[in-house]
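The structure appears right after this line, and notes come after that.
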Amino acid sequence: MSSLITALETALADREKRYATQEKEQEKYEKAMEAYNLAVLKLIKSGKAEITEATKNTWADRMEKKKGKSAFSVSILLPTTSLPVEPTCPRDYHEHEYKRDSENISQAIRVLKMSEQTEVSASTYKGVAEYL
C-alpha cells in the first residue's frame, strides 16, 4: 500500500513541476529551434542541399514588403546524416488537465491513507494506473 501511495505522491509532484516549469520549457524549446534552424541554414549555404522546387509567392505577403525583393518558397533535400538532432516540442499541460489530474491523484492518496488494508486490490490499481 505504501509503495502505491509513494508512487502517487511522486506522480503528483511530477505534474506540479511540469505545470510550474512549462513556460521555461517552451522558451528553452524556442531557443533550441532557433539554433536548429541556423544549423540547417548553414548546411544549405555550405552547398549540401539539393533544391527540388522553388515557387514565387504571389499571394498576400506574410511579411512586410521589401522594396526590390521577392519572396519564394523553396523545397530542399538535405542528407539526414548531416542534420542536427531536432528539438522535441514540450507538450502543453493545460490548466484544466493539471487541476483534474492533481485533484484525482490527491483524492486517491487521501483514500488510500485512510484505508487500513495492507493489500491493494486490482481494481484500485486499475483506477490509479493512468496517473503512474
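Numbers for the structure displayed
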| read-out | value |
| --- | --- |
| Space enclosed by the convex hull of the alpha-carbon atoms of the chain, per residue, Å³ | 198 |
| Extension gain, Ala54 back to Ala39 (0.36 nm per residue minus Cα-Cα distance, nm) | 3.3 nm |
| Theoretical ellipticity at 222 nm over the chain - DSSP helices of four or more residues, -39500 (n - 2.57) apiece, nearest 500 | -19000 deg cm²/dmol |
| Using alpha-carbon coordinates, inclination of helix 2-45 to the longest axis of the chain, degrees | 0 |
| At R0 = 22 Å, FRET efficiency that the Cβ-Cβ distance of Glu27 and Glu97 yields, to 0.05 | 0.60 |
| Segment Glu86-Ser2, extension gain: residue separation times 0.36 nm, minus the distance between their alpha carbons | 26.2 nm |
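Values quoted throughout were computed directly from the atomic coordinates according to the rules given, and no laboratory measurement underlies them. Just so it is clear, the structure is predicted and the values come from calculations on it, not from any experiment. In this analysis, Cβ positions are derived from the backbone assuming ideal geometry, glycine residues included, and neighbour counts consider all displayed protein chains.
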